[in-house]
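Worksheet: one structure, shown below.
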Amino acid sequence: MHKLTKLPTLLLAIIRPHFPTLATEETTMEFNIFYKKKKDWFIGHIQEYPDYESQGRTLDELRENLIEIYNDINEGLVPDAEPFQLMEVAI
């Protein structure tokens, strides 16, 4: 029998890339953040990149830290970062 564990709360973060675009409309990207509160800290990671955790005293600070990680990955500054894939299972 498998042991069940409680999944962390899911937070949706909407980010705006910090690189310039030629389009007049802003590009909006979305990703999911898994996080939990541990003592006085919020600890979390981007759903697709669980190997890269961050922390913050507030959810806003955690969100900003993870946006920075996300931007670094997308700009190629983290060459070994490979996203995890999602498999949906219905039982």
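The values are calculated or read from the model by the stated rules, or taken from the named source; none is laboratory data. Keep in mind that what you see is a predicted model, and the values were worked out from it rather than measured. We place every Cβ from the backbone using ideal geometry, glycine too, and count neighbours over all the protein chains shown.
A count restricted to region 33-47 and to residues that are without any contact (Cβ under 8 Å) to a residue 24 or more places away in the chain and either exposed (fewer than 15 other Cβ atoms within 10 Å of the Cβ) or touching a Lys or Arg at 6+ places or on another chain (Cβ under 8 Å) (or both) stands at 7. Scanning region 26-36 finds one or more residues that are out of contact with any Gly (no Cβ under 8 Å at 6 or more places or on another chain) and at pLDDT below 80. Give the residues of region 48-70 that are within 15 Å of GLU30 (Cα to Cα) and surrounded by fewer than 16 Cβ atoms within 10 Å (Cβ to Cβ), sorted by residue number. Correct list: GLU64, GLU68.
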